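The values are calculated or read from the model by the stated rules, or taken from the named source; none is laboratory data. These numbers come from a predicted model, not from an experiment. Glycine also receives a Cβ, built like all others from the backbone with ideal geometry; neighbour counts cover every protein chain displayed.
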Amino acid sequence: MPKLPSRSSLGMPAFTLLTVAVAVLAAFTLSACSPAESQSAAGKAGAPQAAKVGVVTLQPQRVELSAELAGRTVAFQNAEVRPQVTGIVKTRTFTEGSDVKAGQLLYQIDPASYQTALDSARASLAKAEANATTAKLKAARYDELAGIDAVAKQLRDDTQAALKQAQADVAAATAAVRAAQIDLDRTRVSAPIAGRIGRSAVTPGALVTANQAGAMATLQQLDPIYVDVTQTSAELLRLQRDLAEGRLQRDAAGQARVKLVLEDGTTYAQEGKLQFSELQVDPASGSVTLRAQFPNPKRQLLPGMYVRAQVQSGVQGQAILAPQAAVQRDPKGNATAMVIGKDGKAEARQLQTGAVINGQWLVTSGLNAGDQLIVDGLQRLRPGAPVVAAQPTATAAIAASATAAR
């Protein structure tokens, strides 16, 4: 058996020689490969892979634009019931918080003294009418006698003057009767309008005076009901400009519809209509008051409630909507979005956005119909990166189709 070289004869250990042999063999193997195959393998190793991203194809939509404004409810009619004569309240004929009809009796004031005054006025009228009858007959006789020169013309003139005075007394007594009758009727305090009456400030036995400062009760008509909201003058000018230039259109009726969101976040079932806007701007706040009218058959809305009114400002027939998840902000705060360009690469777009409609941004510039908007897979995506369009995830798909679903 031959003797292996020792470490001292070769100057290196045996395992080192084995390593060197393996390296030389690998070098010969690589040199045997063709240059083209080597470059192809290196190219495949360094080529970027196209990322799959969820996209939606943008289509123009018809949307109703609205502005959400804060406001308060106001009674359609409001009447404070006050006495017009002085006296003691005998009875109260209504239940507090109930609905009453126009002309319904609310209070009865003691009518005794006013009935006596009416009777006295009627007696004075009867006396005046009797005196007028005597004066008329006397004037007729003297007129005949003066015609044949049987009496002096001065006496005829005196009787004619007495007749006119008697007729004036009759007119005055008639007016006194009417005034006494009005005072007597006013002892019956009736509802001036139909509506819901609040609590009573007086009870039977209380003394009330004519035209007193305090109201006996307050009556409010609640169906329909008003909602007063405020809008900035700048927004009003923008709305008028968009309507004039054709970017917005009114509905067929030409009236703006209004929806209400109540204090608890629920939406009021009835829809209202905008009635008018103030003719002047409040110099302190720079705002204009808008008034809308709502039906209120169930009396769900009460005066003074805080509400948020969604006032329809117009209709845009070719609107572009982008899901909020697809719109991001750059360091300067500008809205941006990513689309698939014609070369199959991600392309960044800077957007101008308007209102949020059903969870989506209204895009006024930066996106066009037919663009493939990337809504899913934006976390590590950079502009210029190759991408492959795919169906968005369930969450992104729901966000992208929010408007269509509603």
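The figures follow:
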read-out: All positions within the range 38-71 that are modelled with pLDDT of 80 or more, exposed (fewer than 14 other Cβ atoms within 10 Å of the Cβ) and farther than 30 Å from MET338 by Cβ; value: ALA70
read-out: Flag for VAL229 being at pLDDT below 95, more than 18 Å from THR91 (Cα to Cα) and touching a Leu at 6+ places or on another chain (Cβ under 6 Å); value: yes
read-out: Residue within the range 394-402 that is modelled with pLDDT under 85, surrounded by 14 or more Cβ atoms within 10 Å (Cβ to Cβ) and touching a helix residue (DSSP H, G or I) at 6+ places or on another chain (Cβ under 7 Å) present; value: yes
read-out: Residue ID - modelled with the lowest pLDDT, chosen from residues in the range 128-144 that are crowded, with 18+ Cβ neighbours inside 10 Å and hydrophobic (A, V, I, L, M, F, W, C); value: ALA139
read-out: Filter result for ALA150 (surrounded by 14 or more Cβ atoms within 10 Å (Cβ to Cβ), free of Cβ contacts under 8 Å to residues at least 60 places away in the same chain and in the same structural domain as LEU184 (by TED's automatic domain parsing)); value: no
read-out: Cross-chain or 6+ apart pairs with Cβ under 7 Å, the range 171-192 first and assigned by TED's automatic domain parsing to the domain that holds THR93, then among the hydroxyl-bearing types (Ser, Thr, Tyr) and in a strand (DSSP E or B); value: VAL189/TYR107
read-out: Residues (in contact (Cβ under 8 Å) with a residue 24 or more places away in the chain and among the aliphatic types (A, V, I, L, M)) located in the range 193-216; value: ILE193, ALA194, ILE197, VAL202, ALA206, LEU207, VAL208, ALA210, ALA215, MET216
read-out: Residue within the range 91-114 that is over 14 Å from ALA201 (Cα atoms), aromatic (Phe, Trp, Tyr) and buried (at least 19 other Cβ atoms within 10 Å of the Cβ) present; value: yes
read-out: Residues of the range 75-113 classified as outside any loop (DSSP other than H, G, I, E, B), closer than 30 Å to ALA292 by Cα and not β-branched (Val, Ile, Thr), total; value: 7
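Rundown of residues vs (1) under 22 Å from ALA121 (Cα atoms); (2) modelled with pLDDT of 90 or more, yes/no style:
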{"residue": "ALA146", "(1), (2)": "no, no"}
{"residue": "ASP149", "(1), (2)": "no, no"}
{"residue": "GLN154", "(1), (2)": "no, no"}
{"residue": "ALA161", "(1), (2)": "no, yes"}
{"residue": "LYS164", "(1), (2)": "yes, yes"}
{"residue": "ALA168", "(1), (2)": "yes, yes"}
